[in-house]
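Read the figures in this text as sums done on the coordinates, not as results from a lab. Worth saying up front: this structure is predicted, and the values here are computed from it rather than measured. Every residue, glycine as well, gets a Cβ built from its backbone with ideal geometry; the counts of neighbours run over all protein chains shown.
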Amino acid sequence: MTLYVGLGNPGPTYAKTRHNIGFRVIDRLVAETGAREISKKSFEGQLYRQGDLFFLKPLTFMNLSGRSVRAVMDFYKIPLGDLVVIHDDIDLPLGTIRFKVGGSSGGHNGLKSIDAAVGREYLRIRIGVGKPARKSEVVSYVLSPFTEEEEAVVGKIVEAAAEAALKIPEISLDELKSRYSLKGGGNAGT
């Protein structure tokens, strides 16, 4: 079993923001796999399933995402090694995809919450959304929508991240990094 968690905030206000790129990847995965919704109130999120693949969008708001992740992992007895978290990363340029297991949350409140709830040793798909000019602007930046020009890149990145995510149960982390890491601009393998 693999549990894919896309990080974001619920509601139409946040739908197109940088912070919600994880939700957009989950939406793509659900559409591609034909997964069906199996949500329960106790999951505090939208959960979909196709075979051994689970797709979760926590609806707790970003800083409480760990509650939703923990509830689903406990209910389905999903081990930490089968958790994949897809999230925005301001330390990577727009159009970048990176993969890593464990490490720091980098100040990301969704990751902090998940780390506290279940531990740190899970696979992360880090999607670059760029960085604001000043550190004081981080919150407003991640909660602002992508520009029209950026949306063209975002569509390609969401597609590439979903493709990579579906390979995770089949290939090693090194192969995943080699084949699916993208530098800003969206060129695989570079």
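Values computed for the structure shown
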item: Amide hydrogen neighbours beyond the local backbone of ILE125, cut-off 5 Å, H modeled; result: VAL85, ILE86, HIS87
item: Long-range amide H partners of ILE168 with built H, under 5 Å; result: none
item: Neighbourhood charge, 12 Å Cβ-Cβ cut-off, centred on ALA161 and excluding it, Lys, Arg +1 and Asp, Glu -1; result: +1
item: Relative packing of 150-161, 88-99, which averages over residues the other C-beta atoms within 10 Å, highest first; result: 88-99, 150-161
item: Pair-distance profile P(r), taking every C-alpha pair of the range 60-190, with 5 angstrom steps and integer %; result: 2, 10, 19, 21, 21, 16, 9, 2, 0
item: Candidates LYS167, LYS135, LYS100, ranked by Gaussian network fluctuation over the chain, Cα under 10 Å, top entry; result: LYS135
item: Full-stretch length increase - GLU32, ALA15 - with 0.36 nm per residue and alpha-carbon distance subtracted; result: 4.2 nm
item: Within the chain, percent of DSSP bridges classed antiparallel, to nearest 5; result: 55 percent
item: Theoretical ellipticity at 222 nm over the chain - DSSP helices of four or more residues, -39500 (n - 2.57) apiece, nearest 500; result: -11000 deg cm²/dmol
item: Relative contact order [Cα under 8 Å, 6+ residues apart], the range 2-188, whole percent; result: 25 percent
item: VAL138 versus LEU173: modelled label distance in nm, points set 7 Å from Cα along the beta carbon direction; result: 2.4 nm
item: C-alpha center-to-center spacing [the range 8-65, the range 142-187] in angstrom; result: 17 Å
item: Estimated dipole of the chain in Debye, rounded to 20 [Cβ of Lys and Arg +1, of Asp and Glu -1, Cα centre]; result: 400 debye
